[in-house]
Amino acid sequence: MKNRHLACPLAAATALALAGCGLLPGDEGGTRTVNVWLMRDSASEDFLKRFEAAYEAEHEGVELEFTIQEWTGIGKKVTEAIRGEGGPDVIEVGNTQVAQYADTDKLYDLTLESVRDLGSEDWLPGLAEPGRIGGSQYGIPWYAANRVVIYHKDLFEQAGITKPPTTRAQWLDDTEKLNDTGSQGIYLAGQDWYTLAGFIWDEGGELAEDKGGDWTGSLDSPAALRGMEFYKDLQSLGSGPKDADEQTPPQAEVFARGDVAQIIATPSAVAAITKANPGLTDKLGFFPIPGKKAGQPCAVFTGGSDLIVPENAPERNAAIEVVKALAGEKWQTELARAMNNVPNKTSLASVVQGQEATAVMARAAARGRATPNSPQWADVEAANPIKPYMTAVLQGENPKKAARDASEKITQTLGE
């Protein structure tokens, strides 16, 4: 895989990492470079090499190069790049980041390509919705990941549980049975707000609502309060801290001790679990977070990435073709199998059926959601009044009052 480093101030300032060359219709020969930024660990080197070779073979005069960006500090880099000149032509961004970049009015509207070429009607909602701003599609879904339940098969067997639960009520009953056998039925930290969001959505509630252009926090709605009530019931069945999130301590390390029956996490946690305790390698199972009704998994927060094209992209037409290839069925299938991620369409879920954890993720992703599509949502997460709200409820404070206080803080931040 070629790695050219462009000699321009922006490239030096932003560690320009991924480039591709496209010969546009009407050009009189020569090669053009399409600069593409991808994030670390989104695609393997082998995948990029194969994509590069295949794409260049199919597009005469096209060359692709790849340099990888780091997530730390990427927001400022992307904002500077799309506002400047001579920057990247394609940029991978977190799905929930599209709104803040679209707010600059510097992204190219990809609605036509979405409908005409990419089958947008079948995209995962958790990737497509945050890429759609004001009726226009600025972010093209690339890949997804979401939380599932990771469970210890031996502990389930000891408790007489022969198959994973499919409803919330059954889930609570099974978790109590697991506790009765001496193991910890579930480890759930008190401030795992992404998991809470899924319960809120499953009840028909929202974290915040857009009311005619004005965003309002809505943790105090009856539906959102029901979601928090279920979270409290489930969290009480384990010894997770009420005043910390899933990283304090890292829940994968807690699970690796071997006496915890369940955690809620993305399958990527398996690497940390088996590194800490190799003996669990063949003892892990996965099932979707149960919903209120059998046959319908709980709504889940969808993480992942979208691809954007800046308005100022030097090779914008060629860049769009690269995006279409990366988001198309062939390379979505290749990426999902290479990286154990969920492809961008519900109709492609079958391509990962041989990968147990990824297949479970894909089933849940059909009901995936993203955080509120406000440019200021990142500011909400930075201060994150949801976490202390959860702790307050778990420690016995009045849920309605705590939710109202948190909602007011969300509303204030979203209005700034």
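The values are calculated or read from the model by the stated rules, or taken from the named source; none is laboratory data. Fair warning: this is a prediction, and the values are worked out from it, not measured in the lab. Here the Cβ positions follow ideal geometry from the backbone for every residue, glycine too, while neighbour counts run over all protein chains shown. Surface areas here come from the heavy atoms of the whole protein model, side chains and all, with no ligands, DNA or RNA. Shrake-Rupley method; radii C 1.70, N 1.55, O 1.52, S 1.80 Å.
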Roughly speaking, what is the stretch gain from Arg83 to Asp41, that is 0.36 nm per residue apart minus the C-alpha to C-alpha distance, in nm to one decimal? 12.5 nm
Computed P(r) (all Cα pairs; the stretch 197-258; 10 Å bins; percent): 21, 36, 29, 13, 2, 0
Judged on accessible area alone, 1.4 Å probe, highest first, Val270, Val380 line up as Val270, Val380
Non-local residues with an amide H under 5 Å from the amide H of Thr67, with H modelled 1.01 Å from N and Pro and chain starts lacking one, are Ala17, Leu18, Ala19, Leu38
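Give me the dipole magnitude in Debye, nearest 20, for the stretch 353-407 about the Cα centre, with unit charges on the beta carbon: positive for Lys and Arg, negative for Asp and Glu.
That gives a dipole near 240 debye.
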Separation of the Glu311 and Lys49 label points, Cα + 7 Å toward Cβ, nm: 4.0 nm
Relative to the first principal axis of the alpha-carbon coordinates of the chain, what is the inclination of helix 74-83, with its axis defined by its Cα atoms, in degrees from 0 to 90 and to the nearest 10? 30 degrees
Cα to Cα, under 18 Å, and not fewer than 8 places away if on the same chain: which aspartates and glutamates meet these conditions relative to Lys163? Asp154, Asp173, Asp174, Glu176, Asp180, Asp282, Glu356
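Can you sort Arg367, Arg404 by 1.4 Å-probe accessible area, starting with the largest?
My answer, sorted largest first, is Arg404, Arg367.
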Connecting every pair of Cα atoms under 10 Å apart in the chain and solving the GNM, the largest mean-square fluctuation among Leu335, Leu237, Leu112 falls on Leu112
What is the dipole size for the chain, taken about its Cα centre, with +1 at each Lys and Arg Cβ and -1 at each Asp and Glu Cβ, in debye to the nearest 20? 920 debye
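Using Cα pairs closer than 8 Å and at least 6 residues apart in sequence, work out the relative contact order for the chain, in percent. Kindly include the intermediate steps, with their values, before the conclusion.
Values: 878 pairs, mean separation 98.1, N = 416.
The normalised contact order for the chain reaches 24 percent.
Test of the criteria: in the stretch 246-285, which trypsin sites (Lys or Arg not before Pro) are in a DSSP loop and have at most 13 other Cβ atoms within 10 angstrom of their Cβ? Intermediate values should be presented prior to the final figure.
Details: sites: Arg257, Lys275, Lys283; in loops: Arg257, Lys283.
Counting only loop positions with at most 13 other Cβ atoms within 10 Å, the trypsin sites (Lys or Arg not before Pro) in the stretch 246-285 are Arg257.
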Find the relative contact order for the stretch 56-213 and round it to a whole percent, using C-alpha pairs within less than 8 Å whose residues are 6+ positions apart. 12 percent
Debye sum, Cα scatterers, the chain, no solvent: what log₁₀ I/I(0) at q = 0.08 1/Å? -0.46
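Any chance you could count the Lys pairs in the stretch 194-337 whose alpha carbons are under 24 Å apart, treating pairs 8 or more apart or on different chains as valid? It would help to have the intermediate numbers written out before the result.
Details: Lys232/Lys242; Lys232/Lys292; Lys232/Lys293; Lys275/Lys283.
Step by step, the pairs that qualify in the stretch 194-337 add up to 4.
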Give the dimensionless ratio obtained when the Cα radius of gyration of the stretch 319-403 is divided by 2.2 N^0.38 Å. 1.59
Over the Cα atoms of the stretch 115-262, how large are the radius of gyration and the largest Cα-Cα distance (Dmax), in Å? 18.6, 57
Among Gly135, Ile161, Ala102, whose Cα sits farthest toward the positive end of the charge dipole of the stretch 87-245 (+1 at Cβ of Lys/Arg, -1 at Cβ of Asp/Glu, about the Cα centre)? Ile161
With every protein chain present, what accessible area does Arg50 have (1.4 Å probe, heavy atoms only), rounded to the nearest 10 Å²? 80 Å²
Sequence-distant or interchain residues sharing an amide H contact under 5 Å with Phe301, placed H: which? Arg147, Gly198, Arg369
Would you mind listing how long the stretch 286-351 runs along its three principal axes, going by Cα atoms, in whole Å with the largest first? 50, 23, 18
Provide Ile386, Ile68 ordered by accessible surface of protein heavy atoms (probe 1.4 Å), highest first. Ile68, Ile386
From the Cα centre of the stretch 185-204 to that of the stretch 296-336, the distance in Å is 28 Å
May I ask for the distance between the Cα centers of the stretch 211-244 and the stretch 65-101, given as a whole number of Å? 32 Å
Between the helical axis of 222-235 and the dominant principal axis of the chain, each derived from Cα atoms, what acute angle in degrees is found, rounded to the nearest 10? 70 degrees
Nearest 10 degrees, 0 to 90: helix 45-58 Cα axis against the chain principal axis: 40 degrees
